[in-house]
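To keep things clear, I will list the structure first and then write my remarks on it.
The values are calculated or read from the model by the stated rules, or taken from the named source; none is laboratory data. The model shown is predicted, which means the values in this text are computed figures rather than measured ones. Because the Cβ atoms are built from the backbone with ideal geometry, glycine has one as well, and the counts that use them run over all protein chains shown. The area values use the complete protein model at the heavy-atom level, side chains included, leaving out ligands, DNA and RNA. Shrake-Rupley method; radii C 1.70, N 1.55, O 1.52, S 1.80 Å.
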Amino acid sequence: MRTLLWSAAAICALSGCDATLVEVAYDQDQDGLLSDEEEAIGTDPDEADSDQDGHLDGDEYWGGTDPLD
């Protein structure tokens, strides 16, 4: 699964950055696609299986099939 969550404090502790400048990516529905990736390809970031076919959107997308079909 591609979900990786980092707090701004943890990222800045490692890199010495300003915590106010860090944007954290997340997988809201735990389907293997980050929410911004889902918005880009048209799947629902709140629904792990957008087309209700029994397969997670991320599994379909990364497996080369259409998560909306």
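Does Tyr26 count as surrounded by 11 or more Cβ atoms within 10 Å (Cβ to Cβ), among the aromatic types (Phe, Trp, Tyr) and at pLDDT 90 or above? No, not satisfied.
So, in the range 29-52, how many residues would count as being β-branched (Val, Ile, Thr) and open to solvent by 40 Å² or more (accessible area, probe 1.4 Å)?
Residues that pass the stated criteria total 1.
Can you pull out the residues in the range 1-16 that are part of a loop (DSSP other than H, G, I, E, B), at pLDDT below 65 and either under 18 Å from Gly63 (Cα atoms) or open to solvent by less than 80 Å² (accessible area, probe 1.4 Å) (or both)? Scanning the range 1-16 gives Met1, Arg2, Thr3, Ser7. Among residues of the range 29-49 that are under 12 Å from Leu68 (Cα atoms), those with a beta-carbon under 9 Å from a residue that is open to solvent by 20 Å² or more (accessible area, probe 1.4 Å) and of a type in the set (A, V, I, L, M) at least six positions away or on a different chain give the pairs Ile41/Leu68; Gly42/Leu68; Thr43/Leu68; Ala48/Leu56; Asp49/Leu56.
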